[in-house]
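Quick notes on the structure that follows.
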Amino acid sequence: MEALASKELVEELKKEWRSLWRERIDDKVRAEGIADKDYGMLFVERGTVIFATRKFKMLSFREILQLHGVIDVDRVVGPHPSVGGWGKFIRTVIAPQRSSRRGRIKRARRYFEGEKQKQQLKKGGRGWLHKV
């Protein structure tokens, strides 16, 4: 029962979080985004700076969930991209495997290729310059 209530709370928070970012006011002169209305569940008031180029604290969905007392925050929100995730897994594990496969293909081509005949040089070997 408690898990179901927690799941509903998380879904409501996600809806508000999406609407906060979708309906923000972009101030191009000051280069910042501003909340257009109050978001009580996210602890954001109207006029709060959501993001800016300098001197502000970034909103964190993880911190908001912790303030609401959600137990499994890591299950709801994935890890930060710098820490790891699918992208880092692909770069560190899958990408090196693909490169080793390419090496085998290059070695196989080397054995089957014969010597290539050289092509006739352009402009009698003088290159593309139009000097006489």
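Could you tell me how far the Cα centroid of segment 21-40 sits from the Cα centroid of segment 60-87, in Å?
Value for the Cα centre distance between the two parts: 23 Å.
Around Asp38, which amide H atoms from residues at least 5 apart in sequence, or from another chain, sit under 5 Å from its own amide H, with H modelled in the peptide plane?
Long-range HN contacts for Asp38: Arg46.
If you rank Trp21, Trp86 by how much accessible surface each has, with a 1.4 Å probe, what is the order from largest down?
I get Trp86, Trp21, largest accessible area first.
Suppose accessible area is computed on protein heavy atoms with a 1.4 Å probe; arrange Leu59, Leu4 from highest to lowest. Mind showing how you got there, number by number?
Values: Leu59 45, Leu4 100 Å².
Most to least solvent-accessible, the answer reads Leu4, Leu59.
What spacing in nm lies between the two simple spin-label points modelled at Arg126 and Asp27, each 7 Å away from Cα in the Cβ direction?
6.8
Give a residue-ordered list of calculated ³J(HN,Hα) values for segment 83-89 (Karplus: 6.51 cos²θ - 1.76 cosθ + 1.60, θ = phi - 60°; whole Hz; x for Gly, Pro).
Here the 3J(HN,Hα) series is 6, x, x, 5, x, 5, 4 Hz.
Scaled to the compact-protein estimate 2.2 N^0.38 Å, what is the alpha-carbon radius of gyration of segment 1-61, rounded to two decimal places?
Scaled against compact globular proteins, the figure is 1.29.
Can you give me the long-range amide H partners of Glu32? Hydrogens built in the peptide plane at 1.01 Å from N, cutoff under 5 Å, separation of 5 or more residues or another chain.
Asp27
Fully extended, how many nm does the chain gain between Asp72 and Arg18 (0.36 nm per residue separation, minus their Cα-Cα distance)?
Gain on stretching Asp72 to Arg18: 17.4 nm.
What FRET efficiency, computed as 1/(1 + (r/R0)^6) with R0 = 30 Å and r the Cβ-Cβ distance, is obtained for Ser82 and Lys7, rounded to the nearest 0.05? Numbers along the way, then the final one.
On the way: r = 28 Å, r/R0 = 0.93.
E between Ser82 and Lys7, to the nearest 0.05, is 0.60.
With θ set to phi - 60° and the Karplus curve 6.51 cos²θ - 1.76 cosθ + 1.60, what are the ³J(HN,Hα) couplings of segment 8-21 in order, to the nearest whole Hz, using x for Gly and Pro?
Each residue of segment 8-21 in turn: 5, 4, 5, 5, 5, 5, 5, 4, 5, 4, 5, 5, 4, 7 Hz.
The values are calculated or read from the model by the stated rules, or taken from the named source; none is laboratory data. Just so it is clear, the model here is predicted, and its values are computed rather than measured. Glycine also receives a Cβ, built like all others from the backbone with ideal geometry; neighbour counts cover every protein chain displayed. Surface accessibility is based on the protein's heavy atoms, side chains included, excluding ligands, DNA and RNA. Shrake-Rupley method; radii C 1.70, N 1.55, O 1.52, S 1.80 Å.
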